[in-house]
1. Once the piece of chain linking residue 87 and residue 43 is laid out straight, how much longer is it, given 0.36 nm per residue of separation minus the C-alpha distance between them?
2. What is the list of residues in the stretch 64-96 whose amide nitrogen lies under 19 Å from a point 7 angstrom out from the Cα of residue 52, following Cα to Cβ?
3. Sorted from fewest to most neighbouring beta carbons within 10 Å, what does the list 107, 65 look like?
4. For a footprinting-style exposure proxy, rank 81, 43 by other Cβ within 10 Å, fewest first.
Ligand SMILES: [Cu+2]
């Protein structure tokens, strides 16, 4: 846990420099997550069929954002695609299921 202690010390110094608690907490969480998981984030693209308006893309967006280990969700209505980041490959079929449950057709691009 020595590395963790050093990480906390570094973050404390960062905090002292910037004096912004919220960004400090966000940075600490992100670093803690990377430290604990040791995994690299991977970008995933799904082909999504059936979206016809902003309401559809918002529905797909929400369905994906509700999943664990999914971040940076971006739904491209015109391009008929959904993009997100994850460090967990098992999330891809779950994402396909979530979009399907929301009423659209999805498959990994
Ligand atoms: Cu729509």
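Just so it is clear, none of the values below were taken in a lab; they were calculated from the coordinates. Predicted model only: the values in this text are computed from it and were never measured. As a convention, Cβ positions derive from the backbone with ideal geometry for all residues, glycine included, and neighbour counts pool all protein chains shown.
1. Between residue 87 and residue 43, full extension yields an extra 15.0 nm.
2. 76-81
3. The order, fewest Cβ neighbours first, is 107, 65.
4. The fewest-first ordering by Cβ neighbours comes to 43, 81.
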